[in-house]
Amino acid sequence: GDSVTQMEGPVTLSEEAFLTINCTYTATGYPSLFWYVQYPGEGLQLLLKATKADDKGSNKGFEATYRKETTSFHLEKGSVQVSDSAVYFCALGESASKIIFGSGTRLSIRP
Amino acid sequence: NAGVTQTPKFQVLKTGQSMTLQCAQDMNHNSMYWYRQDPGMGLRLIYYSASEGTTDKGEVPNGYNVSRLNKREFSLRLESAAPSQTSVYFCASSEGGGLKETQYFGPGTRLLVL
């Protein structure tokens, strides 16, 4: 079946460092891809999404490009802030009413 | 708008006890979902409701029942709680059920079964 694999954490970076969180997927069809973020004590919220190959999703300085040839959707940010500390989930929209989530990557940013 | 609200925020149960987790959304969304989140496993779908009056099983439905009370409310019931059901439970909603839809999540209910 369809699946999502993302890099294990925790990831610890200094403020203003460059961030990459890797995400790869397997899918039989043409899924949508998402990055969700979970701040401490809160539910998940959508960070960005891409609905077809070569689309780039972007929000709050974060970007990810839907790469069908490498089945990847890596999350990047050029300069992270302490406020970006959270858990990040890559997810795949497989069918109506079903999203498959990765296991999450915890990101900590040092001042 | 409150978005998606869940009650309670935290609950401790003894094995064999029952309880109902409540969820409500004020965004006039058609689809609602219940997930559980366990360490290192991401979120797993328990049940979902594509529209008012319908419910379907997700990946891990055993031990749970749901009720879509109306368009706003979707409850999750544990009839006889087990320690394996210790988890954080999230309710979510989306406007439709398509694979492009964004889901909106509540703050979660942390459940401990002793």
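The values are calculated or read from the model by the stated rules, or taken from the named source; none is laboratory data. As the structure is a prediction and not an experimental result, all values here were calculated from the model. Note that each Cβ is placed from the backbone with ideal geometry, even for glycine, and that neighbours are counted across all protein chains shown.
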Open item on the list: Given (1) over 12 Å from the mean Cα position of the chain (by Cα); (2) more than 14 Å from chain B (Cβ to nearest Cβ); (3) closer than 12 Å to A:Ala91 by Cβ, identify the lone condition not met by A:Ala64.
Closed with: (1)
Open item on the list: Step by step: first the residues of segment A:97-111, then only those that are in contact with a Leu (Cβ under 6 Å, 6 or more places away or on another chain) and within 14 Å of chain B (Cβ to nearest Cβ), then the one that is surrounded by the most Cβ atoms within 10 Å (Cβ to Cβ). Which residue is that?
Closed with: A:Ile100
Open item on the list: For segment A:79-96: of the residues being out of contact with any Leu (no Cβ under 8 Å at 6 or more places or on another chain) and not in a helix (DSSP H, G or I), which is surrounded by the fewest Cβ atoms within 10 Å (Cβ to Cβ)?
Closed with: A:Ser79
Task: Enumeration of residues in segment B:19-54 that are among the small types (Gly, Ala, Ser), surrounded by 11 or more Cβ atoms within 10 Å (Cβ to Cβ) and under 16 Å from B:Gln85 (Cα atoms) - done: B:Gly42
Open item on the list: Cβ-Cβ distance below 6 Å, separation of 6 or more or different chains: which pairs start in segment A:38-52 with a residue that is at the interface with chain B (Cβ under 7 Å from one of its Cβ atoms) and within 12 Å of B:Phe90 (Cα to Cα) and end on one that is of a type outside the set (Ser, Thr, Tyr) and part of a loop (DSSP other than H, G, I, E, B)?
Closed with: A:Glu42/B:Pro107; A:Gly43/B:Gly106; A:Gly43/B:Pro107; A:Gly43/B:Gly108
- [ ] Tally the residues that are buried (at least 21 other Cβ atoms within 10 Å of the Cβ), away from every other protein chain (no Cβ under 11 Å) and touching a Lys or Arg at 6+ places or on another chain (Cβ under 6 Å), restricting the search to segment B:55-114.
- [x] 2
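Please work out if A:Thr28 is modelled with pLDDT under 95 and within 30 Å of B:Asp56 (Cβ to Cβ).
Yes; evaluated as a whole, the condition is true for this residue.
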TODO: Give just the number: which of (1) touching a Leu at 6+ places or on another chain (Cβ under 8 Å); (2) within 14 Å of chain B (Cβ to nearest Cβ); (3) within 24 Å of B:Leu45 (Cα to Cα) does A:Phe73 not satisfy?
DONE: (2)
Open item on the list: Anything in segment B:11-50 that is within 11 Å of chain A (Cβ to nearest Cβ), part of a loop (DSSP other than H, G, I, E, B) and in contact (Cβ under 8 Å) with a residue 40 or more places away in the chain? List them, or say none.
Closed with: B:Asn30, B:Asp38, B:Ala50
Task: Residue ranges of strands (runs of 3 or more DSSP E) in segment A:1-71 with at least 2 members surrounded by 12 or more Cβ atoms within 10 Å (Cβ to Cβ), in contact with a strand residue (DSSP E or B) (Cβ under 8 Å, 6 or more places away or on another chain) and of a type in the set (Asp, Glu) - done: none
TODO: Evaluate segment A:83-90: report whether one residue or more is in contact with a Cys (Cβ under 7 Å, 6 or more places away or on another chain) and either within 30 Å of B:Ser51 (Cα to Cα) or within 14 Å of chain B (Cβ to nearest Cβ) (or both).
DONE: yes
